[in-house]
Amino acid sequence: MGLTVNIKKKLGDFQLDVSFETGEGVLGLLGASGCGKSMTLKCIAGIVKPDAGRIVLHDRVLFDADAGICVPPQKRGVGYLFQDYALFPNMTVFQNILCGARDKDKAADYIARFDLIGKEKLYPAQLSGGQKQRVALARMLAAEPEVILLDEPFTALDNFLKARMERELMNVLEGFHGPAVFVSHDRNESYRLTDTIAVMENGAIVDISEKHALFRAPRTLAATLLTGCKNVTRLERLADGSYQATDWGIRLQAPVDDMQENATGAKPVYRYAGFRAHFLMPETQGVTATIGTAVEQKQLTDAGSCNRLTCEVLREVEDTFSVVIQFYQKGLNERTEYSLLTYETGKEDWERMKAQCAGRDIVLQIPPDALIWMES
Amino acid sequence: MDWYPLWNSLRIAGISCVIVFFLGIFFAYYAAKLPRWIKGILDVVLTLPLVLPPTVCGYVLLMLFGVKRPLGIFLAQFGVKFVMTWYGGVLTAAVVAFPLMYRTARGAFESFDDNLSHAGQTLGLSDAYIFWRIRMPACKQGILAGTVLAFARALGEYGATSMLIGYTPGRTATISTTVYQLWRTNDEAGAFTWVMVNLAISTVVLLAVNMLERKQ
């Protein structure tokens, strides 16, 4: 049971090659615009016909290129929530929902359920953004879909409205029993609304796993960047077993599983590393950092001269509740696009740190646990 | 006064307008789905009557439907003759007015948000329902504008009409051919009357369109 997708589609220079399987629960497709997320949804819905592959929903074949099966969108049982909701502008709220419900009593029921009583006779142009989304959701669910596809529903909204509509969508997703696919380019949104996340790049899924695992340890560079990690570097393995972070200009202590056989018998060789902007620890006056657990501090001591960044601050960008420091490793000659690092911390912490250093260089340490290691 | 030209003009413009309405929409809808290069060629062919002088259109139609031409001889077997008949006027008006309907309808269809029709499909609505109840109403402005332009063009058609069906009082005379004929025979008062009639019709049509638009 669930949704199985395995499709290929060529469009000009773009090649879509996606395969995944999802049961009950929400699968997120996370990727930059143009990576093929929406195209994937359109193929599942039957709006776009793939060149090859198979789509199966609950043992029902929706598409099979080899067997020549392509069920028309009308008969797929797929609910699709469009980015701009695609409400029919010439129909009232009631008529819109009736298009999905096909039965007046049922339509009235959905009107009530989505808090649209009194709005039945209004046209989409007369509705607020929130009401539009409710109409679109009611219309979609009234058709009793077996799977629902959500195509970046919050893209065009301001933050306040977004938070409210996200809550409404959560209610719907919690009440829906079946697979759902949520497409977004926003990592936070994806994290909040989904259970599993597939990261897409150039028409292919580069990483797919349970969301906590994905954000903790993304396996590919694309996934790392898309989950919002701002600091990444290319690596070179050195003779002494440590790694040279070529873009940052420092050495990194090798991870514990370096050159160790993993479950599949392969020895990982890491090509990229990264860390999140708020995971750095300050090292002031040669004294071990005042932040972090005892275990972390012990790891830092073990790391020795590795994992240390001496800041050459480019600028401090003040955010609402924090400050983002953009800096280079001091003395780094060859600067690449990945050389500029960011460190995010509380405003008071940063001021204290600067006062403690009083003219000396600020040194930040990367806790070994905070480093993300990637093979590709 | 003989009111035949008024009746004949209205019937020619009305019938050709209905034909052009459906044909224009048909071609506009399917042209949008064709591959680019076929669309380009089709576009040129279908728009040609708009840029050609009407007399050239009339000439081409005579070459095709003349009584001694293959197509004309073929149609004559079924008793259909476009030369010197009032329904020949329907043919010329339709040919000349078609590009106006086609181009405006195509413009309207191109600005249509395809997601509306995709949404309809995923909701299980039939393609015919989506076309007539969602796409057409959404493109109403453009379609209406095209229809009015086509009607006005059909009503005012002179060049091709005079070549194919000529001017026979009581049989093929239209308002525009009558105006020319009366003026040519120095009946200036008669010509003036028909000019006023034509002005009146055009004004009524435009007023009606304005009122329809304001109602929305």
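The values are calculated or read from the model by the stated rules, or taken from the named source; none is laboratory data. Predicted, not measured: the structure shown is a model, and the values here were computed from it. Every residue, glycine among them, receives a Cβ derived from its backbone with ideal geometry; neighbour counts consider all protein chains shown.
A:Cys35 passes all but one of (1) assigned to a loop (DSSP other than H, G, I, E, B); (2) within 14 Å of chain B (Cβ to nearest Cβ); which number fails?
Answer for A:Cys35: the failing condition is (2).
So if I check each of B:Val60, B:Val44, which one is among the β-branched types (Val, Ile, Thr), surrounded by 15 or more Cβ atoms within 10 Å (Cβ to Cβ) and within 18 Å of the chain's Cα centre (by Cα)?
B:Val60
Can you pull out every residue in region B:145-173 that is buried (at least 22 other Cβ atoms within 10 Å of the Cβ) and either within 14 Å of chain A (Cβ to nearest Cβ) or β-branched (Val, Ile, Thr) (or both)?
Of everything in region B:145-173, those that are buried (at least 22 other Cβ atoms within 10 Å of the Cβ) and either within 14 Å of chain A (Cβ to nearest Cβ) or β-branched (Val, Ile, Thr) (or both) turn out to be B:Thr147, B:Thr161, B:Ile165, B:Thr172.
Output the qualifying pairs, or none if there are none: Cβ atoms under 7 angstrom, residues six or more apart or on different chains, first residue in region A:174-196 and surrounded by 20 or more Cβ atoms within 10 Å (Cβ to Cβ) and part of a loop (DSSP other than H, G, I, E, B), second residue small (Gly, Ala, Ser) and at pLDDT 90 or above.
A:Thr194/A:Gly28
May I ask you to verify whether B:Glu157 is in contact (Cβ under 8 Å) with a residue 60 or more places away in the chain and more than 30 Å from A:Leu149 (Cα to Cα)?
Yes.
One line per residue, one yes/no per condition, for (1) farther than 30 Å from B:Val67 by Cβ; (2) within 20 Å of the chain's Cα centre (by Cα):
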{"position": "B:Ala152", "(1), (2)": "yes, yes"}
{"position": "B:Glu157", "(1), (2)": "no, yes"}
{"position": "B:Ala160", "(1), (2)": "no, yes"}
{"position": "B:Ile165", "(1), (2)": "no, yes"}
{"position": "B:Thr172", "(1), (2)": "no, yes"}
{"position": "B:Ser176", "(1), (2)": "no, yes"}
{"position": "B:Val179", "(1), (2)": "no, no"}
{"position": "B:Asn186", "(1), (2)": "yes, no"}
{"position": "B:Gly190", "(1), (2)": "yes, no"}
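Across region A:100-125, what is the total count of residues that are part of a helix (DSSP H, G or I) and away from chain B (no Cβ under 14 Å)?
Looking only at that region, the number is 7.
Considering region A:61-90 alone, what residues qualify as being more than 9 Å from every other protein chain (Cβ to nearest Cβ), without any contact (Cβ under 8 Å) to a residue 40 or more places away in the chain and buried (at least 18 other Cβ atoms within 10 Å of the Cβ)?
A:Leu62, the sole residue that qualifies.
Any idea which of A:Ala273, A:Ala223 is buried (at least 20 other Cβ atoms within 10 Å of the Cβ), in a helix (DSSP H, G or I) and among the small types (Gly, Ala, Ser)?
A:Ala223
Just need a number here: residues in region B:75-132 that are of a type in the set (Gly, Ala, Ser), within 14 Å of another protein chain (Cβ to nearest Cβ) and surrounded by fewer than 22 Cβ atoms within 10 Å (Cβ to Cβ).
Total meeting the criteria: 5.
Determine if region B:133-144 includes at least one residue that is touching a residue at least 60 places away in the same chain (Cβ under 8 Å), within 16 Å of the chain's Cα centre (by Cα) and either within 14 Å of chain A (Cβ to nearest Cβ) or more than 22 Å from A:Ile97 (Cβ to Cβ) (or both).
yes
Being away from every other protein chain (no Cβ under 14 Å) and more than 28 Å from A:Leu57 (Cβ to Cβ) is the filter here, so list the residues in region A:154-166 that pass it.
Answer for region A:154-166, where residues must be away from every other protein chain (no Cβ under 14 Å) and more than 28 Å from A:Leu57 (Cβ to Cβ): A:Leu157, A:Asp158, A:Asn159, A:Phe160, A:Leu161, A:Lys162, A:Ala163, A:Arg164.
Quick check on my filter: what residues within region A:127-136 are away from every other protein chain (no Cβ under 14 Å) and part of a helix (DSSP H, G or I)?
Of everything in region A:127-136, those that are away from every other protein chain (no Cβ under 14 Å) and part of a helix (DSSP H, G or I) turn out to be A:Gly129, A:Gly130, A:Gln131, A:Arg134.
Can you say whether B:Asp187 is acidic (Asp, Glu) and either within 14 Å of chain A (Cβ to nearest Cβ) or buried (at least 16 other Cβ atoms within 10 Å of the Cβ) (or both), as far as the supplied structure shows?
So B:Asp187 fails the test.
Tell me, which residue of region A:1-51 that is of a type in the set (S, T, N, Q) and within 14 Å of A:Asn202 (Cβ to Cβ) is nearest to the chain's Cα centre (by Cα)?
A:Ser33
Does any residue of region A:200-214 turn out to be closer than 30 Å to A:Leu57 by Cα, buried (at least 17 other Cβ atoms within 10 Å of the Cβ), of a type outside the set (Gly, Ala, Ser) and within 14 Å of chain B (Cβ to nearest Cβ)?
No - not one qualifying residue is present in region A:200-214.
I need every pair where a residue in region A:331-353 that is free of Cβ contacts under 8 Å to residues at least 24 places away in the same chain and over 16 Å from A:Leu225 (Cα atoms) has its Cβ under 7 Å from the Cβ of a residue that is assigned to a strand (DSSP E or B) and of a type outside the set (D, E, K, R), sequence separation at least 6 or different chains.
A:Arg335/A:Tyr328
Are there any pairs, at least 6 apart or on different chains, whose C-beta atoms fall under 9 Å, with the first in region B:56-80 and assigned to a loop (DSSP other than H, G, I, E, B) and the second hydroxyl-bearing (Ser, Thr, Tyr) and modelled with pLDDT under 95, and if so, which?
Here the result reads B:Val80/B:Tyr87, each pair linking region B:56-80 to a residue that is hydroxyl-bearing (Ser, Thr, Tyr) and modelled with pLDDT under 95.
Residue check: is A:Gly241 of a type outside the set (Phe, Trp, Tyr), under 12 Å from the mean Cα position of the chain (by Cα) and assigned to a loop (DSSP other than H, G, I, E, B)?
Considered against the rule, which asks whether it is of a type outside the set (Phe, Trp, Tyr), under 12 Å from the mean Cα position of the chain (by Cα) and assigned to a loop (DSSP other than H, G, I, E, B), A:Gly241 comes out as no.
Yes/no per residue for (1) within 14 Å of chain B (Cβ to nearest Cβ); (2) in contact with a strand residue (DSSP E or B) (Cβ under 9 Å, 6 or more places away or on another chain):
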| residue | (1), (2) |
| --- | --- |
| A:Thr92 | yes, no |
| A:Leu98 | yes, no |
| A:Ala138 | yes, no |
| A:Pro145 | yes, yes |
| A:Glu152 | yes, yes |
| A:Val172 | no, yes |
